[in-house]
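Take a look at the structure set out below.
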Amino acid sequence: MKKIGIVMGSASDLPTVRKAFDVLKEYGVPFEAHIFSAHRTPEEARDFALGARAAGFGAIIAAAGMAAHLAGAIAANTTLPVIGIPCKSTNLDGMDALLATVQMPSGIPVATVAIDGAKNAALLAIQILSLTEEELAKKLDEARRIAAAEILKKDKELADELAKL
Ligand code: RP5
């Protein structure tokens with residue numbers, strides 16, 4: 001199975017990114033994570049992206065906050081799918097990172113998830129791998145079935161509660 005690469009701009013992004021680690025572990029997907037910054041360590045970020053396809057990665061998740069150029073800088077140097085996580089910052093609540101990550105110029109896409117949306121970033125990466133990994137497709141289907149059953153259980157509980165009013 002191909003690996004998922006995860007890069008984040010700072011160790012301060014780790015609390016958000018750990019949620020992606022958890023999902024990838026749950027699905028048994030191999031991953032490698034690094035702290036590389038588009039601004040503070042641009043050469044390391046560039047080299048990682050340039051070598052990612054040959055190194056066996058199937059997609060890259062890039063998380064950054066503030067002037068969040070990391071996902072775009074990674075995407076500039078690979079044609080692997082790049083998933084951007086805009087991280088919440090103190091002053092602008094992540095709107096700065098959201099716009100910096102999502103507003104890519106035509107030709108260099110970054111699939112941007114919600115602010116701090118690490119779980120969806122991991123799920124999207126798994127969905128990409130599931131194109132060739134049948135077992136992952138089955139696990140994704142099962143997770144959707146369980147999530148739907150939970151919602152319907154809550155719906156039934158609500159109906160029962162309202163019926164007693
Ligand atoms: C971004 O600046 C990082 O991705 C992080 O979200 C933000 C703040 O970084 P630190 O100053 O906490 O290292 O580059």
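The values are calculated or read from the model by the stated rules, or taken from the named source; none is laboratory data. The structure presented is a predicted model; accordingly, all values stated were derived computationally and were not measured. Cβ coordinates were reconstructed from backbone atoms using ideal geometry, including for glycine residues, and neighbour counts include every protein chain displayed. Areas reflect the complete protein model, heavy atoms only, side chains present, ligands, DNA and RNA absent. Shrake-Rupley method; radii C 1.70, N 1.55, O 1.52, S 1.80 Å.
Of note:
- Within the stretch 45-68, if we keep just the residues that are near the ligand (Cβ under 9 Å from one of its atoms) and among the hydrophobic types (A, V, I, L, M, F, W, C), the residue that is most open to solvent (accessible area, probe 1.4 Å) turns out to be M66.
Residue-by-condition table, conditions (1) more than 19 Å from V110 (Cβ to Cβ); (2) among the acidic types (D, E); (3) at pLDDT below 95:
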residue	(1), (2), (3)
M1	yes, no, no
G9	no, no, no
S12	yes, no, no
R18	yes, no, no
E43	yes, yes, no
A49	no, no, no
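- Reported count of residues in the stretch 88-117, each being within 15 Å of the ligand (Cβ to nearest atom) and loosely packed, with under 13 Cβ neighbours inside 10 Å, is 3.
- For beta carbons closer than 7 Å, sequence separation of 6+ or different chains, a first residue in the stretch 73-87 that is touching a residue at least 12 places away in the same chain (Cβ under 8 Å) and a second that is outside any strand (DSSP E or B) and of a type in the set (S, T, N, Q), the qualifying pairs are G84/T101; I85/T16; P86/T101; C87/T16.
- Scanning the stretch 12-40 for residues that are part of a loop (DSSP other than H, G, I, E, B), within 16 Å of the ligand (Cβ to nearest atom) and surrounded by 16 or more Cβ atoms within 10 Å (Cβ to Cβ) yields F36, S37, A38.
- Among the candidates E161, E157, E133, residue that is over 25 Å from D22 (Cβ atoms), open to solvent by less than 100 Å² (accessible area, probe 1.4 Å) and more than 16 Å from the ligand (Cβ to nearest atom): E157
- Test result for I115, closer than 20 Å to T16 by Cα, in contact with a Lys or Arg (Cβ under 6 Å, 6 or more places away or on another chain) and modelled with pLDDT of 95 or more: yes
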